[in-house]
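What follows is a short report on a single structure.
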Amino acid sequence: KNNPLLFANRIIISNINFFNEPPVDGAKISAKFRYRSKDIPVTIHYLNNEQIEVRTLEPAWAVTPGQACVFYDGEYCLGSGIIKEVKKIMKNNNWLWSEDSSEMYEEDTELYHKTISFEKERFIDNG
């Protein structure tokens, strides 16, 4: 449950539906990513008319593509969307990596890194 690979801090949301006026870009609201989970403080950033990036202000546990993300302002539900992509925290919360991408984001320097390949170590058991 405490594996760092289960935590995320940037989530791409699609199929967005707000009940009234959508929050402004950069708004600080809260989001819920799992049923019965606690609300997590977030900021939202519009990528285009169909997607937003949610940046959590604390690591969010077990955020999963295909599930709902529900937005709140205090106890008021603002709307929801579908989790499209999850950017996971890497290297003691300093790196982000989307498993289906070769890009990594370094939070300290705000630089993106493109990896060419990963190779797994091979172990031979000579028993």
On the accessible surface of the stretch 1-79, probed at 1.4 Å with all protein chains in place, carbon and sulfur together account for a percent value of 50
Sorted list, accessible surface of protein heavy atoms, 1.4 Å probe, largest first, for PHE19, PHE33 is PHE19, PHE33
Residues whose modelled amide H sits under 5 Å from the amide H of ALA27, counting only those 5 or more places away in sequence or on another chain, are ILE44
Per the rule of 0.36 nm per residue minus the C-alpha distance, extending ALA27 to ILE82 adds in nm 17.9 nm
A correct Karplus calculation of ³J(HN,Hα) over the stretch 72-79, with 6.51 cos²θ - 1.76 cosθ + 1.60, θ = phi - 60°, whole Hz and x for Gly and Pro, returns 9, 10, x, 8, 8, 7, 8, x
Judged on accessible area alone, 1.4 Å probe, highest first, LEU57, LEU78, LEU6 line up as LEU57, LEU6, LEU78
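The values are calculated or read from the model by the stated rules, or taken from the named source; none is laboratory data. Given the structure is predicted, the values throughout are model-derived calculations rather than measurements. Surface accessibility is based on the protein's heavy atoms, side chains included, excluding ligands, DNA and RNA. Shrake-Rupley method; radii C 1.70, N 1.55, O 1.52, S 1.80 Å.
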